[in-house]
Amino acid sequence: GGAQPEAAEARLGQGHEDFRPRIVPYYRDPNKPYKKVLRTRYIQTELGFHERLFVAVLTSKATLNTLAVAVNKTVAHHFPRLLYFTGLRSAKVPHGMVLVAHGDERPIWLMYETMYYIHQHFGSDYDWFYIMQDDTYAQAEQVKALVTHLSINQDVYLGRAEEFIGGDEQARYCHGGFGYLLSRSLLLKLHPHLDSCRNEILSVRPDEWLGRCIIDFLGITCVSQLQGQHYRTYELAKNAEPEKEEEEEFQAALAVHPVSDMTLMYRLHKHFSRIQLERAYQEIQELQVQIRNLTSLTPAGEAGLTWPVGINAPFLPKSRFEVISWDYFTEQHLFSCPDGSPKCELSGASKADVSDIIESALEQLNSRYQPLLRFSKRQLLNGYRRFDPTRGMEYTLDLLLEAVTQKGHSHVLVKRVSLVRPLSKVEIIPMPYVTEATRVQLVLPLTVQDLDFVTNFLDMYAMNTLDTHDNALLTLLFIYHPYDAQRVSQVDVFAGVKAMVGELEKRYAEVKIPWISVKTEVPSQVKLMDIVSKKHPVDTLFFLASVWTEINMEFLNRCRMNTISNWQVFFPVHFQEFNPALVYRGEQTASSSTDFLRDGHFDRHSFAEACFYNSDYMTARTKLAADILDQDEVLESMEVFDVFLHYSGLHLFRAVEPGLVQKYALRSCNPRLSEELYHRCVLSNLEGLASRSHLAMALFEQEQANST
């Protein structure tokens, strides 16, 4: 018996050489010049990893806006990559569908072109290729589960195996109506023979043609079972009712065909979704029973059993600052509002959330006590909720209920219920790819009040971008008061700034710093951006800066990475240093690196800095113009942030930015701006003075001085 493992290991070593790691020694020919190795951006690319599954849907001009749309709405969001292939395209392509048109409706030609296209564009990126028709309903999650259980090292041609008409009894092709799965290795081997198949194989059906091509040139036949996995299908009868189909074959089907219309596709999807949901609930109940049975064997015993069973225990705070507070609500109002006010109307997602949780509570009570008692809601007396990051959203409800017995007697009672909306599986959201090589166009609006700070801004710009040759340009926006604009020929208030710009352009010969002059009493951020936007190309990446901003390469790279055209805009929250007179009170200012970001705060009231693409701003601005018809008073009450928030469907990425540190300065707040903007500016000034402890110490010292 002792020799058997060694023999087995020897056999494993002979047949599985590819799976044994081996060290490849590095050798460089001394006679050849050294060449720098270019590394890939992602380790996944360098290691040769492939995505799991690519799905191709064969459609036609006649069914593109009907059955193909139904496929897209039912399964597209489950597959990582799905493309639609057609001969001729209709005049209007449905929204959200990636379509490839080959220009010819002949079925064999369409199949040939589709296989050629898949190999050319995706053959090196995916392990599995699933081909289906638009009159097929496929259970997406089961298809994904199937490929995770199959080895990628085999040539796989898996589907519903059908006999050729009048052909060899042993050979089988995969019926196209039920979909079929091809492995990457098979696709790579098939590609060189596609032209020969097109010229030599005559067939009416495209699936038969492909099957014959694979059999003739690769010797591989279609199978319905492989490596212990079954490809289960069900042929739908004419005028079938999915809700009434009770056959086990139907319930276990991975693919159903033929689907004659959109409504039937949606009914099938609803039916199979319900089956999957019931299976999931059943599995959850079985797991909860197992957890209960095993809890008694743990060190904590049954006392360690958390509620709900299988969900993480609530977060245990270690200090008073870690205690998660509960938010109080009723059916009409919320008593902890996003804007800081003590009470606000319950609306939108919060209102839907509260309604849903009350409905769920009643449903659970009735399922537990019926038929003895039937509950109906009279009123929500008290509602509490909090978000626990370890488990999800927790609710406590005090409900005034009316309970009705089987005999019809009713009784009013108050019941307290606790509910948890657990966090589901974390998903990775696909984001468009961006690079750090994009040119950034800095835009700096300047008023007369900003003149004292311009020198420092230009010095930092020259040191951190011009000296380092960073791909960043600067445009200055001189905002003249009407009185100053009339006297500009005699006294130009911005003459000193223009002289500094001239010096910079002399020092850096290749650099040009243009400026734009604007005359206005109310320097509205939106109006100023309208002027700048028209003078730059649509693909310009803007960084809207303030005069206190200290430009550095670290932040500019984050500006490039966090701003994605037609997807996301970036509004950084800068770090504002406190007033040194209050913080240090005559002591030496700390300057060591360990004190970085210490005596200050992130100014959440400021929206002055922003990174966005010109094309995105122009799109949102067009929608705004159609809504307000360019009313000046509305534009004066808005910032660029409001334009993107209300008039674009883009992601607004708002985050603290340690790379933007601003020295303390008392901002001048323009009373001509809207009340909200003026109030926010004043708040920013007040909160930027010092921390509460510093202010308390300053007051204490002042009182001590007054008392003596």
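For the subset of the range 628-651 comprising residues that are open to solvent by less than 50 Å² (accessible area, probe 1.4 Å) and touching a strand residue (DSSP E or B) at 6+ places or on another chain (Cβ under 9 Å), which member is nearest to T438 (Cα to Cα)?
Across the range 628-651, the extreme among qualifying residues is L650.
When you look at R212, is it within 20 Å of R267 (Cβ to Cβ), at pLDDT 90 or above and in contact with a helix residue (DSSP H, G or I) (Cβ under 8 Å, 6 or more places away or on another chain), yes or no? Reasoning before the result, please.
Numbers: within 20 Å of R267 (Cβ to Cβ): no; at pLDDT 90 or above: yes; in contact with a helix residue (DSSP H, G or I) (Cβ under 8 Å, 6 or more places away or on another chain): yes.
So R212 does not fit the description; no.
Within the range 505-586, considering only helices (runs of 4 or more DSSP H) that don't extend past its boundaries, which have at least 2 residues that are buried (at least 21 other Cβ atoms within 10 Å of the Cβ) and either at positive phi or in contact (Cβ under 8 Å) with a residue 12 or more places away in the chain (or both)? Quick ask: steps written out before the conclusion?
Values: elements: 525-534, 553-562, 580-583.
Passing ranges, in order: 525-534, 553-562.
For the range 235-257, name all the residues that are crowded, with 16+ Cβ neighbours inside 10 Å and part of a helix (DSSP H, G or I).
Passing the criteria: P242, F250.
Any residue at all in the range 617-627 that is at pLDDT 90 or above, part of a helix (DSSP H, G or I) and open to solvent by less than 20 Å² (accessible area, probe 1.4 Å)?
Taking every residue of the range 617-627 in turn, at least one turns out to be at pLDDT 90 or above, part of a helix (DSSP H, G or I) and open to solvent by less than 20 Å² (accessible area, probe 1.4 Å).
Residue pairs, Cβ under 6 Å, 6 or more apart or interchain, first in the range 455-482 and part of a strand (DSSP E or B), second surrounded by fewer than 21 Cβ atoms within 10 Å (Cβ to Cβ) and of a type outside the set (A, V, I, L, M). List them.
L473/Q441; T475/P514; L476/W515; F478/W515; F478/S517; I479/T447; I479/P523; Y480/K519
Condition (residue is aliphatic (A, V, I, L, M), farther than 29 Å from L194 by Cα and either open to solvent by less than 20 Å² (accessible area, probe 1.4 Å) or not in a loop (DSSP other than H, G, I, E, B) (or both)) applied to the range 87-107: is it met by at least one residue?
no
With the condition kept exactly as written, say whether any residue in the range 106-115 is in the same structural domain as C222 (by the TED database) and within 28 Å of the chain's Cα centre (by Cα).
no
Exactly one of (1) surrounded by 12 or more Cβ atoms within 10 Å (Cβ to Cβ); (2) of a type in the set (D, E, K, R); (3) closer than 25 Å to A349 by Cα; (4) at pLDDT below 90 is unmet by D450. Its number?
(3)
Please give the number of the condition M393 fails out of (1) in contact (Cβ under 8 Å) with a residue 24 or more places away in the chain; (2) exposed (fewer than 14 other Cβ atoms within 10 Å of the Cβ); (3) aliphatic (A, V, I, L, M).
With (1) in contact (Cβ under 8 Å) with a residue 24 or more places away in the chain; (2) exposed (fewer than 14 other Cβ atoms within 10 Å of the Cβ); (3) aliphatic (A, V, I, L, M) applied to M393, the lone miss is (2).
Assess whether P299 counts as being within 22 Å of V417 (Cα to Cα) and at pLDDT below 90. Spell out how you get there, then give the answer.
Values: within 22 Å of V417 (Cα to Cα): no; at pLDDT below 90: yes.
In short, no.
Write out, first by first residue and then by second, each pair whose Cβ atoms fall under 9 Å of each other, whose residues are 6+ apart or on separate chains, and whose first residue, in the range 349-370, is farther than 14 Å from L401 by Cβ and of a type in the set (S, T, N, Q) while the second is at pLDDT 90 or above and open to solvent by 30 Å² or more (accessible area, probe 1.4 Å).
S355/E331; S360/R421
Residues to consider are K415, K425; find the one that is in contact with a Leu (Cβ under 6 Å, 6 or more places away or on another chain) and either open to solvent by 50 Å² or more (accessible area, probe 1.4 Å) or modelled with pLDDT under 85 (or both).
K415
Of all residues in the range 489-504, which are in a loop (DSSP other than H, G, I, E, B), open to solvent by less than 60 Å² (accessible area, probe 1.4 Å) and not charged (D, E, K, R)? Give the derivation first.
Step one: filter the range 489-504 for residues in a loop (DSSP other than H, G, I, E, B), giving 489-494.
Right, trim to open to solvent by less than 60 Å² (accessible area, probe 1.4 Å) and you get 492-494.
Of everything in the range 489-504, those that are in a loop (DSSP other than H, G, I, E, B), open to solvent by less than 60 Å² (accessible area, probe 1.4 Å) and not charged (D, E, K, R) turn out to be V493, F494.
Of Y84, Y130, Y112, which residue is in contact with a Gly (Cβ under 8 Å, 6 or more places away or on another chain) and closer than 26 Å to V147 by Cα?
So the residue among Y84, Y130, Y112 that is in contact with a Gly (Cβ under 8 Å, 6 or more places away or on another chain) and closer than 26 Å to V147 by Cα is Y130.
Looking at V309 and the list (1) under 36 Å from the mean Cα position of the chain (by Cα); (2) surrounded by 10 or more Cβ atoms within 10 Å (Cβ to Cβ); (3) over 17 Å from V420 (Cβ atoms); (4) at pLDDT below 90, which single condition is not satisfied?
(3)
A quick yes/no check of all residues on (1) part of a loop (DSSP other than H, G, I, E, B); (2) of a type in the set (G, A, S); (3) within 20 Å of R558 (Cβ to Cβ); (4) without any contact (Cβ under 8 Å) to a residue 60 or more places away in the chain:
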{"position": "R604", "(1), (2), (3), (4)": "yes, no, yes, yes"}
{"position": "S615", "(1), (2), (3), (4)": "no, yes, no, no"}
{"position": "R672", "(1), (2), (3), (4)": "yes, no, no, no"}
{"position": "L686", "(1), (2), (3), (4)": "no, no, no, yes"}
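The values are calculated or read from the model by the stated rules, or taken from the named source; none is laboratory data. Note that the structure is predicted; figures quoted are calculated from it, not measured. Methodologically, a virtual Cβ is constructed for each residue, glycine included, from the backbone with ideal geometry; neighbour enumeration extends over all protein chains shown. Heads up: the accessible areas ignore ligands, DNA and RNA and are worked out on the full protein's heavy atoms, side chains in. Shrake-Rupley method; radii C 1.70, N 1.55, O 1.52, S 1.80 Å.
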